[in-house]
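Remarks on the structure that follows.
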Ligand code: ADP
Ligand code: MG
């Protein structure tokens, strides 16, 4: 959790860099998806939560349309841009995220002035925890307030999606920013991706004597690559043949019929989405009745489905999951879009060290890059710190 001191240090760094006082400090978290993978763009259900790792932005609006941005991470120095000529495809590296959300607000008719911005994030980048959305959600929260736009969270979610899809060019859904903007301490965000309906579901692993370990495999993933696009295409094909608007409208009871209508690959892709939606609903129910200790088999089944049917896992993720399970985790799965990134392992507190050690050993033995392992807890969504 951020202390006032940390916020003060950042504000001082801002003053030093831009020779002006900041208007405020905002933060937005990364997210972990507990369950519900590749269901978002099928208008289905997801169950992510905001994590206790955040992007903080210190920001002040300017009198002109210039933008100056500095991240405490990496040696890129101050990046400059101008909102007057910032358009989809423009900008480089991380500057596309602040510029993208500014563009998306302008598209909604908001007069967005230039700004100076200092970014400080401890959301690991490229680990599948949505460090990019953490940046976007922190910046859009700041601009939403400072421009007086006053949009509700649902609108900010859609504006952020426009920023990612059109400005940055990443074909992402609404899950990540919904968790980041609408998350709540001690809760998972049960999101219906069809209508943005949100239900906060108590998810207090700690109270059940469990920790949620994140195992960052360090294998880089990219949403923009062919794997993601081809999965989306298969889902659309399957929905078309089954005569529904989206796979969300296919229940598990139709899978047998589907097997006679779809080619083998499309059937497996469809089966993942249909069963995964069902697992999300079951997880929400089980969390309500029995609590976190009872969701292990659902997490395991989700991983198997992604590994075998959707084929988006990789050897490092499989090893992280299998080793965690063999050493005391009660459930484990890859999380995020796949092809790399992180796995999660729901683990009894007493087994945590054993799981950590075993995963590190197994990666070394396999000749994989050493993973980064840490715990996350469900934390608050985007908010103003100062
Ligand atoms: P993910 O969102 O899963 O972490 P992405 O590839 O979507 O992965 O986003 C990672 C990008 O976000 C990085 O390439 C970088 O441009 C940007 N980024 C993340 N954290 C920071 C940071 N602290 N400073 C600057 N840029 C960052
Ligand atoms: Mg991202």
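The values are calculated or read from the model by the stated rules, or taken from the named source; none is laboratory data. Bear in mind the structure is a predicted one, so any value in this text is a computation, not a measurement. All Cβ positions, even for glycine, are placed from backbone atoms using ideal geometry, and neighbour counts span all protein chains on display.
Residue selection: residue 32 satisfies the criterion of being closer than 30 Å to residue 309 by Cβ and touching a residue at least 12 places away in the same chain (Cβ under 8 Å). All told, residue 91 meets the bar of being at positive phi and within 12 Å of ligand 1 (Cβ to nearest atom).
Of the listed requirements (1) modelled with pLDDT under 95; (2) closer than 25 Å to residue 333 by Cα, residue 34 misses just one: (1). Mind listing just one residue for me: the one in the stretch 39-51 that is within 12 Å of the chain's Cα centre (by Cα) and outside any helix (DSSP H, G or I) and, of those, surrounded by the most Cβ atoms within 10 Å (Cβ to Cβ)? Of everything passing the filter in the stretch 39-51, 50 is surrounded by the most Cβ atoms within 10 Å (Cβ to Cβ). Any residue in the stretch 197-215 that is within 16 Å of ligand 2 (Cβ to nearest atom), farther than 20 Å from residue 55 by Cα and surrounded by fewer than 18 Cβ atoms within 10 Å (Cβ to Cβ)? Checked against the condition, which is being within 16 Å of ligand 2 (Cβ to nearest atom), farther than 20 Å from residue 55 by Cα and surrounded by fewer than 18 Cβ atoms within 10 Å (Cβ to Cβ), the stretch 197-215 yields no hits at all. Would a scan of the stretch 24-38 turn up a residue that is part of a helix (DSSP H, G or I), in contact with a helix residue (DSSP H, G or I) (Cβ under 9 Å, 6 or more places away or on another chain) and within 30 Å of residue 236 (Cβ to Cβ)? No, every residue in the stretch 24-38 fails to be part of a helix (DSSP H, G or I), in contact with a helix residue (DSSP H, G or I) (Cβ under 9 Å, 6 or more places away or on another chain) and within 30 Å of residue 236 (Cβ to Cβ). Go through the stretch 82-114 and give me each residue that's surrounded by 24 or more Cβ atoms within 10 Å (Cβ to Cβ) and in contact with a strand residue (DSSP E or B) (Cβ under 7 Å, 6 or more places away or on another chain). 98, 99 - these are the residues of the stretch 82-114 that are surrounded by 24 or more Cβ atoms within 10 Å (Cβ to Cβ) and in contact with a strand residue (DSSP E or B) (Cβ under 7 Å, 6 or more places away or on another chain). Looking at the stretch 119-126, can you tell me whether even one residue there is modelled with pLDDT under 95, closer than 25 Å to residue 371 by Cβ, crowded, with 21+ Cβ neighbours inside 10 Å and within 7 Å of ligand 1 (Cβ to nearest atom)? Looking through the stretch 119-126, none of the residues is modelled with pLDDT under 95, closer than 25 Å to residue 371 by Cβ, crowded, with 21+ Cβ neighbours inside 10 Å and within 7 Å of ligand 1 (Cβ to nearest atom).
Could you list, in sequence order, the residues of the stretch 193-221 that are assigned to a loop (DSSP other than H, G, I, E, B) and free of Cβ contacts under 8 Å to residues at least 12 places away in the same chain? Listed by number, the list holds a single entry, 195. Kindly indicate whether residue 12 is part of a loop (DSSP other than H, G, I, E, B) and either at positive phi or free of Cβ contacts under 8 Å to residues at least 40 places away in the same chain (or both). No; evaluated as a whole, the condition is false for this residue. Meeting the requirement of 3 or more residues that are away from ligand 2 (no atom under 15 Å from the Cβ) and touching a residue at least 24 places away in the same chain (Cβ under 8 Å), the strands (runs of 3 or more DSSP E) wholly within the stretch 55-168 are 66-71, 115-121.
For beta carbons closer than 8 Å, sequence separation of 6+ or different chains, a first residue in the stretch 172-192 that is within 20 Å of residue 204 (Cβ to Cβ) and assigned to a loop (DSSP other than H, G, I, E, B) and a second that is within 16 Å of ligand 1 (Cβ to nearest atom) and at pLDDT 95 or above, the qualifying pairs are 183/29; 183/31; 183/48; 183/49; 183/50; 184/50.
Checking 271, 194 one by one, the residue that is at pLDDT 95 or above, out of contact with any strand residue (DSSP E or B) (no Cβ under 8 Å at 6 or more places or on another chain), buried (at least 19 other Cβ atoms within 10 Å of the Cβ) and closer than 29 Å to residue 285 by Cβ is 271 and no other.
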